[in-house]
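What follows draws every value from the coordinates through simple rules; no lab data is involved. None of these values were measured; they are calculated from a predicted model. Neighbour counts run over all protein chains shown; Cβ positions are idealised from the backbone, glycine included.
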Amino acid sequence: MPELQANGVTLYYESHGDGYPLIWGHEFAGDYRSWEPQVRFFSRRYRVITYNARGYPPSEVPTDGSVYTQDNAVDDMKGVLDALGISEAHIAGLSMGGTLALNFGIKYPHMAKSLVVAAAGTGSNDPAAFRKTVTEFARRMEEGGMEAMREYARGPARVQLMRKDPKGWREFSDQLAEHSPIGSALTFRGVQGGRPPVFALEEQMKALQVPTLIMLGDEDDACIEPSVFMKRCIPSSGLVIFPQSGHPINLEEPDLFNRTVLDFLTAVEAGKWAAHDPGAAAGSLT
């Protein structure tokens, strides 16, 4: 089983294909398996790296809640790249992994050839209410195990996957039920519940020069305003919205997702991904 040491924890990882490295950070409800449609597509031309975050077996599951933080998540990803001898990569992620990709770019811009920030920003619109929800779900996991999260898999931004791909949704739901209740509860409480909202990162995003692709589904209500805000702040960014799509857009619309990301990576590598034109500022005449 491929494992490595990263930022003081043992993490499970997989690496497929050759070429320029492309690393994916998974969402809270997923793990490295969530990226299977992307691994099969992108490993034809990239070295594709996936891994399980701390708290997600077979990665190590620390029981100290204080080590589950957004900063540690960023340093864990850096540790994976360091352990593999990679000094620069395309950095990508969805949801928890999308927020990870954004914060990785802010902290380690010299290691990021580009950023793919998908379905990120949940909890930014009303942080207090979000932390209350996170605390409740963490309690349910601690008391009832992962079966208590079946309701989470049927949330308003996940029923789209159930409708479009019932088999894929069952796989997603079954994999979620296999996660560690302790690791998931501590991740929910510490990483999601403790991270700053996207709106608090305005100055850091305005200073971010890494080419960035922001992606979301138009029915992923919690991520719409944060995604538009990211687009307005990050100078070299673009925003893509998938129609009639919810939160896990890489699973809902894998072909569209993959082709959109590939077009972005190709533009970046060709030096054709442009920064915002100052003359095209919001409010100017068309």
List pairs: first in segment 117-140 and of a type in the set (A, V, I, L, M), second exposed (fewer than 14 other Cβ atoms within 10 Å of the Cβ), Cβ under 8 Å, 6+ apart or cross-chain? none
Flagged in segment 238-259 as surrounded by fewer than 22 Cβ atoms within 10 Å (Cβ to Cβ), more than 16 Å from the chain's Cα centre (by Cα) and not hydrophobic (A, V, I, L, M, F, W, C), in numbering order, are Gly238, Pro243, Gln244, Asp255, Arg259
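Residue-by-condition table, conditions (1) surrounded by fewer than 23 Cβ atoms within 10 Å (Cβ to Cβ); (2) among the hydrophobic types (A, V, I, L, M, F, W, C); (3) over 16 Å from the mean Cα position of the chain (by Cα); (4) over 17 Å from Val191 (Cβ atoms):
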site	(1), (2), (3), (4)
Gly30	no, no, no, no
Arg33	yes, no, no, yes
Pro37	yes, no, no, yes
Ile49	no, yes, no, yes
Pro58	yes, no, yes, yes
Thr63	yes, no, yes, no
Ile86	yes, yes, yes, yes
Among the residues of segment 83-111, what is the count of those that are part of a helix (DSSP H, G or I) and more than 19 Å from Gly183 (Cα to Cα)? 12
Restricting to segment 156-183, and then to whatever is under 18 Å from the mean Cα position of the chain (by Cα) and outside any helix (DSSP H, G or I), can you tell me which residue is surrounded by the most Cβ atoms within 10 Å (Cβ to Cβ)? His179
Just wondering, is there one or more residues in segment 65-82 that are surrounded by fewer than 17 Cβ atoms within 10 Å (Cβ to Cβ), over 16 Å from the mean Cα position of the chain (by Cα) and in a loop (DSSP other than H, G, I, E, B)? no
